[in-house]
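These notes concern the structure reproduced below.
The values are calculated or read from the model by the stated rules, or taken from the named source; none is laboratory data. In this text the structure is predicted, and so the values were computed from the model without any measurement. Glycine also receives a Cβ, built like all others from the backbone with ideal geometry; neighbour counts cover every protein chain displayed. The accessibility values were calculated without ligands, DNA or RNA, using every heavy atom of the protein model including side chains. Shrake-Rupley method; radii C 1.70, N 1.55, O 1.52, S 1.80 Å.
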Amino acid sequence: MDMKKRINLELRNRSPAEIAELVVDNSRSADGEVEGLTDAFTELEFLSMVNVGLSSLAKLPSLPKLRKLELSDNNLSGSLETLSEKCPNLTYLNLSGNKIKELSNVEALQNLKSLQSLDLFNCEITSLEDYRESVFELLPQVTYLDGFDQEDNEAPDSEAEDEDEDGEDGAGPTGEYDEEDDEEEDEDGSEGGEVGLSFQVNRADQDEEDDEDDYAEEEEEEDQAGVQGQKRKRDADDEGEDDDDDEDD
């Protein structure tokens, strides 16, 4: 499918001004030029034209809000000065797999003042001696070249950066974490309640047993008192009988 038809298909009955992201990878440009893309795409922020046979960017329209541009696996060797004219706010540019051979080919990117990440992987320029040092010196605004900075630190994931900017994904895990903590606290609280209830039941049982023991001891004491009383009575009766016998004598 040619690029123009692919762009019309991607619109899906929307106007170009409603499109923020556009992907036309693997479509074909008949003459190596950008086709079907116009100045009407005023809100476009992400554009991917991977493996579409581009050899020139001369017909790239003005895209003032474009921040990320994917141009890998094409036949580009020059005309990069068009990017600073038509896409002045680019922060990410992927030119990997193109025919860029010399530092002079990327010198035109100096005017992309907001450019932070540049990918030239699988381009002949990467075989030059001191390639990385030379590109960083030529383009001081670039932080990441082929996915790594000058200290060989890997570039952060672009999706993670977008999530951080939105601030929504950061709140999600925090909320879940807090919810889990609340659940753990509830479980601890319920366990504590069960332990407290069990202790109260055991304490009540113990108190009941103590009452029963006290009652048994009282009954035993009463029984002993009764026996002693009966014994004293019998002793008194016996003494009375002895007195009567003495009087008879």
Q) Does any residue of the stretch 91-114 turn out to be buried (at least 18 other Cβ atoms within 10 Å of the Cβ), charged (D, E, K, R) and modelled with pLDDT of 95 or more? A) no
**Q.** Complete set of residues in the stretch 140-159 that are open to solvent by 80 Å² or more (accessible area, probe 1.4 Å) and of a type in the set (Asp, Glu)
**A.** 151, 152, 154, 157, 159
Q | Candidates 19, 7, filtered to the one that is within 20 Å of residue 64 (Cβ to Cβ), in contact with a helix residue (DSSP H, G or I) (Cβ under 8 Å, 6 or more places away or on another chain) and open to solvent by less than 30 Å² (accessible area, probe 1.4 Å) | A | 19
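For the stretch 22-50, name all the residues that are small (Gly, Ala, Ser) and more than 12 Å from residue 71 (Cα to Cα).
Within the stretch 22-50, 27, 29, 30, 32, 36, 40 qualify.
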Q.
Every residue in the stretch 56-77 that is under 14 Å from residue 123 (Cα atoms) and buried (at least 16 other Cβ atoms within 10 Å of the Cβ), please.
A. 71, 72, 73, 74, 76, 77
Q) Looking at 77, 48, 55, which one is small (Gly, Ala, Ser) and under 32 Å from the mean Cα position of the chain (by Cα)? A) 48
**Q.** Single condition residue 29 does not satisfy, out of (1) modelled with pLDDT of 95 or more; (2) among the hydroxyl-bearing types (Ser, Thr, Tyr); (3) farther than 30 Å from residue 148 by Cα
**A.** (1)
